[in-house]
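Q: Input: one structure, supplied below.
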Amino acid sequence: MSTSRDATAYDLDELRTAVLSERGGEVDESIPQLAEADEDFCAIALALPDGTVHASEQARVRFSVQSAVKPFLFALALVDTDGAAMDRVGIEPTGEAFDAIKLESGTGRPPNPMVNAGALLTASLVHGDDVAARKERITAGLSAFAGRALEVDSDIARDEHLLGDRNHALAHLMRAEGTLGLTADDAVDAYAHACAMLVDAEALAVMGATLALGGRNPVTGEQVVPAGVARDVVSVMATCGVYDGSGRWMRAVGVPAKSSVSGAIVLSAPGRLGAAVVSPPLDEQGTSVRGHIVSTRLSDDLGLHSFASP
Ligand code: GLN
């Protein structure tokens, strides 16, 4: 094991090769495109404050971002509503699955922006006079986080929109509670569009770095969101980002992060770096098995754990 704390000297290919022998986990089967994912796909990338990106093999292979988009949707919603989005969604962890059909008791708000109910709401709060304009704004906002123009996989977006029965159920429930302003179908449409955004590990690491570094993209220098928004989003990633696995994650890795069904994990280590690890087989909480192992190793070797004494 490397003892280097210098991210640029870290051998990410060695780490990738070592973790490929791990065979645990199951690939998500919610839509055909995810079910067909290559179980041996694995990529790791680190994005550093000086704008350099350090990556393993396969870090330019694209995949749909899925739930790793949720922190960025929350950030865009906060900006577009001048902070009012904070009152429209809770920020407490649920201890339940990402797609649990459950809202906050008493308020009818989604429990937090990292579960599906919350992301359906934050996607609906991104500005746009109609569905097409909202989707354009989501694409542009996510591209600013990534520092390059991102594209949507329209087949994935269509299938998620059509086949996402639990998301439709959640959106209807929020309509019934009066907490969702858009129609249920428009909210699912916007959210499916965001989940179907194609990224690679390098782009996702830069997105994570932008949140970790006060909202400023280290590659382009653009202030994508205000520092206070980035701080709020990273705080909620820390408590809710890995769903009902958030406690185990925080103990082992100690870095705010967001998991997703494509096997991607985006990490934001405040003031230090952004990282992305992707490998499709998932554990019971929907976290990439290899991603968890790699993130733990990176945290240990680079001294990233938030609660470890120096
Ligand atoms: N598109 C997926 C869904 O809404 C994303 C879920 C995830 O990545 N955990 O079901």
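Where a number appears in this text, it was derived from the coordinates with a stated rule and is not lab data. Owing to the predicted nature of the structure, the values given are computational and were not obtained by experimental measurement. Don't worry about glycine lacking a Cβ; one is built from the backbone with ideal geometry, like all the others, and counts go over all protein chains shown.
Q: Taking the mean number of other Cβ atoms within 10 Å as a proxy for protection, how do you rank 287-296, 228-237 from highest to lowest?
A: 287-296, 228-237
Q: Please find the FRET efficiency linking Lys102 to Glu284, where r is the Cβ-Cβ separation and R0 is fixed at 22 Å, and quote it to the nearest 0.05.
A: Once rounded, the FRET efficiency stands at 0.75.
Q: Find the percent of Cα-Cα distances in segment 11-90 that exceed 14 Å, and round it to a whole number.
A: In whole percent, the long-distance tail amounts to 75.
Q: Once Rh is set to the Kirkwood radius over Cα pairs, what Stokes-Einstein translational diffusion coefficient, in µm²/s, holds for segment 42-153 at a temperature of 25 °C and a viscosity of 0.890 mPa s?
A: 158
Q: Something else now. Extending each Cα 7 Å along its Cβ direction at Ala133 and Asp301, get the distance between those two points in nm, one decimal.
A: 4.9
Q: Additional query: Using square roots of five times the C-alpha gyration tensor eigenvalues, list the equivalent-ellipsoid semi-axes of the chain in whole Å, biggest first.
A: Its equivalent ellipsoid spans semi-axes of 28, 20, 18 Å.
Q: Return the tail of the calculated pair distribution for segment 224-283, meaning the percent of Cα-Cα pairs more than 17 Å apart.
A: The share of Cα pairs beyond 17 Å in segment 224-283 comes to 38 percent.
Q: Roughly how compact is segment 81-137, stated as its Cα Rg over 2.2 N^0.38 Å to two decimals?
A: 1.19
Q: Would you please state the base-10 log of I(q)/I(0) at q = 0.16, 0.25, 0.26 1/Å for segment 114-201, with intensities from the Debye formula using one equal scatterer on every alpha carbon?
A: -0.58, -1.28, -1.34
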